[in-house]
Structures are given as C-alpha cells and as structure tokens.
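So the structure is just underneath, and the comments pick up after that.
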Amino acid sequence: MGARNLPHDARPSAGSARDAFSLRGRVILVTGASRGLGAAMARAFARAGADLILWARDGRRLKRTAAALPRTADLLAQVVDVTRPAAVRAALARAARRFGRIDVLVNNAGVWDGDEALRLARRAWDRVLETDLASVFFLSQAVARRMRRQGYGKIINIASTSGILALPHSAAYGTAKAGLWHLTRILAVEWGPHGIRVTGIAPGVFRTNMTRDLFEDRRWARKRQAEIPLRRFGEPEDLEGLAVFLASGASDHITGQTFVIDGGASLTV
C-alpha cells in the first residue's frame, strides 16, 4: 500500500528523527492501563503527543493513573473488562464518537494465575486463556475492522518470554503467551494488505504488581538477577522507548515481529 493511501499523520516523515517518533495526531488505545507496564506505556505515549484511550477494570486506580499523565493531548479513561464482549463493544462505540478513529491498539491486559500443572484448576486455565489470548484476538478483530476502513493501523501485543521458555507453574500463562506470539504473525500476514501492522513486545521478568510474589523470594531474586547478562530486572519504564517506536511512523515497515526485552535473560536459561 503506497503512502498516498495512508492518512497524512501516518506517512513516513522526511523530517527529523524526532518527527518520525512523534505520536502527535495519533489515537492510541491501551488495555490494562491502570498500572505497571500499561501505565508506563501510557505515560510515554502521552509525552510523545498521542491522544489516549485507557482501559482497565479498576476504575479508582485508572482515574489516578490518568490524572498523573502529562496533559499534552486528549484523554478518555474507561472502566472495561476485556473479557466481556458487551462492555468492549460499548466502550469502542463511545471512543469512536469521541475520537473518530483508533490508530494504535496496545493489547496489554493480562493475568497470571500460576500453579503446578497437576494442580492447575480448569477455572484458572480458562481465566488466563480468555484474558491473555482470546480477548486479545476479538478486540484486535473489532479494532482492525475500523483500521481497515482507515487504510492504516498498528496493533501491539504484549507477550512474554514465558511464551518461548518452558517455565514451571506457567502452563496456562506460557501457553497463552506462546499463542500470542503466533497470533501476531498470522494477523500480520492477513491484515498487512489493509495497511495494518501487527507486532509484539515480549518482556522478561519486570518489577510489577503481577510479579510481586516472585520478588518476595529474595533468594530466587538474587540468583536470577546474577544470571541476567545486564545484571538487573526490567522496570516498567524500560518498555517506553520500544512502545513509542512501534506505535510511531519510525516502524512503519515492521510487522509480524515480536521483540524480546529482558536484559538478555532468555539467552542464559
């Protein structure tokens, strides 16, 4: 698809590198945006000038996160459970009335529910697969229909190195994230002709609310940190540059790729 078929703000910039990474004029939807990685990416997008649609289940925490963002662009915060189709449809309709378009979707909402495979309950399995994989597909499908009419869009799936590493207690989570790696490739192939780029980010162990239990085991934390080539765990802010790059025009010729960001940890397992 030639640049003449894309909206003006989506065309590759002939100006400075700063222009190429600018998100001015772009509308970005981030799920799971109230804390952790989602909140960090929302801050980075806001600083780069994007208009934001933020989704999360915890309305109180989402309100605090939204209030702390730089006031550089327009913002809509919505309490949404991505596993509830009716709520998703209603929220998308409201967002469409507000902004008229969605240029970038960041599928970040996720749950863990780890346990040994012999003890893993069906309820936990279903919850993880529904949240971390099924809801990603159906939200992407709904947003891609809008992006196809625009002739341009980007979908960024937040995967995990658990999708490529066989880690104990992660039968559900690892399976969902492995599926997300491959779903990213399939959607990139199918939707590329419509101008939709689909990419992924696969963090290693980051310090977030989801991983709090891991870090309570200080012996494990010291041992694992010593094995990481960069000798430290990830912090939510470490995702910001990559997320802005993938959302911006600077990455317009990239699709189907999932980028590992783990300080080299997956190289040593």
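Summary table
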{"item": "Number of the exception - S34 against (1) touching a helix residue (DSSP H, G or I) at 6+ places or on another chain (Cβ under 8 Å); (2) buried (at least 21 other Cβ atoms within 10 Å of the Cβ); (3) not in a loop (DSSP other than H, G, I, E, B)", "result": "(3)"}
{"item": "Condition met for G59 (closer than 18 Å to F245 by Cβ, surrounded by fewer than 18 Cβ atoms within 10 Å (Cβ to Cβ) and over 18 Å from the mean Cα position of the chain (by Cα))", "result": "no"}
{"item": "Test: T208 is surrounded by 16 or more Cβ atoms within 10 Å (Cβ to Cβ), closer than 22 Å to G32 by Cα and either in contact with a Ser or Thr (Cβ under 8 Å, 6 or more places away or on another chain) or modelled with pLDDT of 95 or more (or both)", "result": "no"}
{"item": "Filter result for V189 (in contact with a helix residue (DSSP H, G or I) (Cβ under 6 Å, 6 or more places away or on another chain) and assigned to a helix (DSSP H, G or I))", "result": "no"}
{"item": "Verdict on I254 being hydrophobic (A, V, I, L, M, F, W, C), buried (at least 19 other Cβ atoms within 10 Å of the Cβ), under 17 Å from the mean Cα position of the chain (by Cα) and not in a helix (DSSP H, G or I)", "result": "no"}
{"item": "Cross-chain or 6+ apart pairs with Cβ under 8 Å, the stretch 155-172 first and touching a residue at least 12 places away in the same chain (Cβ under 8 Å), then of a type in the set (S, T, N, Q) and surrounded by fewer than 20 Cβ atoms within 10 Å (Cβ to Cβ)", "result": "T161/S266; I164/S266; L165/S266"}
{"item": "Residue list for the stretch 37-51, filter: crowded, with 24+ Cβ neighbours inside 10 Å and within 9 Å of E240 (Cα to Cα)", "result": "L37, M41, A42, F45"}
{"item": "Residues located in the stretch 179-205, provided they are modelled with pLDDT of 90 or more and of a type in the set (A, V, I, L, M)", "result": "L180, L183, I186, L187, A188, V189, I196, V198, I201, A202"}
{"item": "Filter pass, G179 being buried (at least 18 other Cβ atoms within 10 Å of the Cβ) and either of a type in the set (G, A, S) or assigned to a loop (DSSP other than H, G, I, E, B) (or both)", "result": "yes"}
{"item": "Cross-chain or 6+ apart pairs with Cβ under 8 Å, the stretch 224-239 first and over 9 Å from V205 (Cβ atoms), then surrounded by 15 or more Cβ atoms within 10 Å (Cβ to Cβ) and polar (S, T, N, Q)", "result": "R231/Q225; R232/Q225; P236/T208"}
{"item": "Residue in the stretch 115-124 that is of a type in the set (D, E, K, R), in contact (Cβ under 8 Å) with a residue 12 or more places away in the chain and touching a Leu at 6+ places or on another chain (Cβ under 6 Å) present", "result": "no"}
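The values are calculated or read from the model by the stated rules, or taken from the named source; none is laboratory data. Predicted model, so just to flag it, every value in this text is computed and none were measured. With ideal geometry, Cβ positions are generated from the backbone for all residues, glycine too; neighbour counts draw on all protein chains shown.
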